[in-house]
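Following: one structure in structure tokens, then a few remarks.
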Amino acid sequence: MDWIEPAIRSLHAYPRWLVAACGVIVGLAVLWVIGKILKWTLYLMVALAVLLLGLGAFYWWLGG
């Protein structure tokens, strides 16, 4: 954690609006990635549910 203080001090060389704009862009990119991960997780959960329901129906059809 020794790198945090020099990194913050080096940001003082840039205009505040530029630092804020870059922070907003990075924040939006992080939210976009989290959204993509959640979307693919939902797809995976739906696919697994359909597969399990299909296997359960097949087992029930066999007289399990």
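Numerical summary
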{"item": "Some residue of the stretch 49-64 being free of Cβ contacts under 8 Å to residues at least 40 places away in the same chain, assigned to a helix (DSSP H, G or I) and loosely packed, with under 10 Cβ neighbours inside 10 Å", "result": "yes"}
{"item": "Gly35 being in a loop (DSSP other than H, G, I, E, B) and out of contact with any His (no Cβ under 6 Å at 6 or more places or on another chain)", "result": "no"}
{"item": "Conditions (1) surrounded by 10 or more Cβ atoms within 10 Å (Cβ to Cβ); (2) in a helix (DSSP H, G or I); (3) not small (Gly, Ala, Ser): number failed by Tyr14", "result": "(2)"}
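Laboratory data are not the source of any read-out in this text; all were calculated from the coordinates shown. Since this is a predicted model, take the numbers as computed values, not measurements. Every residue, glycine among them, receives a Cβ derived from its backbone with ideal geometry; neighbour counts consider all protein chains shown.
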